[in-house]
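First up is the structure itself, then whatever we jot down about it.
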Amino acid sequence: MTSDSRSGDTGSRITYENVSKRYAGNSGAAAVHDVSLEITPGELVVILGPSGCGKTTLLKLTNRLYEPTGGTIRLDGDDITSLSPTRLRRRMGYVIQQTGLFPHLRIADNVAVVPKLLGWDKARIGRRVDELLELVGLPPDEYRRRYPSQLSGGQQQRVGLARALAGEPRTLLMDEPFGALDAITRTRLQDELRRLHRQMGQTMVFVTHDIEEALRLADRIIVMRDGAVVQYDTPLAVVTRPADEFVAQLVGSGNVMRRLELLPIRDVVRPLDGRAPRADEATILASGTGRAALDRLLESSSDRVIVVDADARPIGWVDFATVHGISQPGAGIASMGIDDTIVTDADAIVATGSSR
Ligand SMILES: Nc1ncnc2c1ncn2[C@@H]1O[C@H](COP(=O)(O)OP(=O)(O)OP(=O)(O)O)[C@@H](O)[C@H]1O
Ligand SMILES: [Mg+2]
């Protein structure tokens, strides 16, 4: 990777302190009401909630497309009202559903908009454009000279993403960027966004009302209702420990498969206790989920699957009873009552890959 493809050290920290927004002329409730939370540098945070709950408003307050009627937003500790909106927006990429590409500009020039504003020299801009097109899966030789109308919707979203990344922002704001795409293209772009995020380490704030999308993408989810934040936690916690009935309904906490897809098996692995693995027994990584374990159990003929660490060393096993146990509502990992000390370095295992 060249130095150009890094976005600097890591992402920015975003802090909301009692932030409210009431639109002029709107007599009813505030669009955003008393939001206080902190987004950790380098996290991919998804704002989730039903239509009209204030997701877009909160996002637009973050890059000063709107000004709050109360409270303070900080970027790496600085009150954003102390920064000029223009400078602020150059530090934050912004991707929206209707890409907002300039129809009369070629793809390369669309991607180059911010680097040009930043006064980069031609050679550096050219390198950056090619690198970004490559990164979002559009071979530069083929796409550089086309116009937006000569691209599919999914390809245009990729260009929108490349353009938002062009100025090496430490923060990326995205408002339902994949909302208009078909399911297959959407899933592919979600995977690519996760990959990009791992690779580049920006702070990303992603708005959606699609629960599947939120669960697939998020490090943490902000659940909003009527302008307020009702829960801010990991996908696992939001699904297994919803703050209230509204969150439980929204994220489908009662859905067994959904819980299994999120729950890691590493904490419920049973010790081998002398029952050494046989060569014909199926294996699964300790970083796998309950869903992956269930799949392995169903497709293998044996009644247990062997759990292995990142170096393929057997560390225990799980069976149908284990999977059933973690699928039960409220069956938090701690409440399983199973000794989890057999996994000596869970962090290292998790770091080797997640099933999401
Ligand atoms: N420019 C505006 N002027 C007045 N009211 C507005 C404006 N923009 C949004 N609102 C109102 O503020 C509330 C929150 O709107 P917002 O666009 O933030 O919702 P959202 O969660 O993004 O919804 P969606 O999922 O439909 O995009 C809504 O009641 C909306 O009608
Ligand atoms: Mg919106």
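The values are calculated or read from the model by the stated rules, or taken from the named source; none is laboratory data. Treat the numbers as computed from the prediction; the structure is a model and nothing was measured. Cβ sites come from the backbone with ideal geometry, for glycine too, and all protein chains shown count toward neighbours.
Taking the criterion of being closer than 21 Å to LEU172 by Cα, modelled with pLDDT of 90 or more and either assigned to a loop (DSSP other than H, G, I, E, B) or over 29 Å from the mean Cα position of the chain (by Cα) (or both), the residues of region 99-114 that qualify are PHE102, ALA112. Restricting ASP130, ASP109, ASP79 to residues that are acidic (Asp, Glu) and more than 20 Å from LEU151 (Cα to Cα) narrows the list to ASP79.
Just so you know, in region 96-155 the residues that are surrounded by fewer than 17 Cβ atoms within 10 Å (Cβ to Cβ) and small (Gly, Ala, Ser) include one that is nearest to VAL207 (Cα to Cα), and it is GLY100.
Residues ASP280, ASP311: which one is at pLDDT 90 or above, part of a loop (DSSP other than H, G, I, E, B) and out of contact with any Phe, Trp or Tyr (no Cβ under 8 Å at 6 or more places or on another chain)?
ASP311 is the lone residue from the list that is at pLDDT 90 or above, part of a loop (DSSP other than H, G, I, E, B) and out of contact with any Phe, Trp or Tyr (no Cβ under 8 Å at 6 or more places or on another chain).
Inspection of region 27-36 finds a residue satisfying the criterion of being modelled with pLDDT of 95 or more and loosely packed, with under 14 Cβ neighbours inside 10 Å. Go through the residues of region 260-277 one by one and say whether even a single one is touching a helix residue (DSSP H, G or I) at 6+ places or on another chain (Cβ under 7 Å), assigned to a strand (DSSP E or B) and modelled with pLDDT of 90 or more. Among the residues of region 260-277, at least one is touching a helix residue (DSSP H, G or I) at 6+ places or on another chain (Cβ under 7 Å), assigned to a strand (DSSP E or B) and modelled with pLDDT of 90 or more, which makes the answer yes.
Against the test of being part of a helix (DSSP H, G or I), surrounded by fewer than 17 Cβ atoms within 10 Å (Cβ to Cβ) and either in contact with a strand residue (DSSP E or B) (Cβ under 8 Å, 6 or more places away or on another chain) or modelled with pLDDT under 85 (or both), the options ALA321, ALA348 yield a single qualifying residue, ALA348. Checked against the criterion of being under 28 Å from GLU212 (Cα atoms), out of contact with any Gly (no Cβ under 9 Å at 6 or more places or on another chain) and of a type in the set (Ser, Thr, Tyr), region 54-73 contains one or more residues that satisfy it.
Within region 236-246, the set of residues being under 29 Å from GLY71 (Cα atoms) and touching a Lys or Arg at 6+ places or on another chain (Cβ under 8 Å) comprises PHE246 only. Would you pick out the residues in region 62-88 that are basic (Lys, Arg) and either in contact with a Pro (Cβ under 9 Å, 6 or more places away or on another chain) or within 16 Å of ligand 2 (Cβ to nearest atom) (or both)? Matches in region 62-88: ARG64 only. Scanning region 196-227 for residues that are small (Gly, Ala, Ser), away from ligand 2 (no atom under 16 Å from the Cβ) and either surrounded by fewer than 20 Cβ atoms within 10 Å (Cβ to Cβ) or in a helix (DSSP H, G or I) (or both) turns up just one, GLY201.
All conditions but one from (1) buried (at least 17 other Cβ atoms within 10 Å of the Cβ); (2) in contact with a Lys or Arg (Cβ under 8 Å, 6 or more places away or on another chain); (3) over 19 Å from GLN190 (Cβ atoms) apply to THR69; the one that does not is (1). For the residues ARG90, ARG13, ARG22, ARG64, the requirement of being more than 21 Å from ILE222 (Cβ to Cβ) and basic (Lys, Arg) singles out ARG90.
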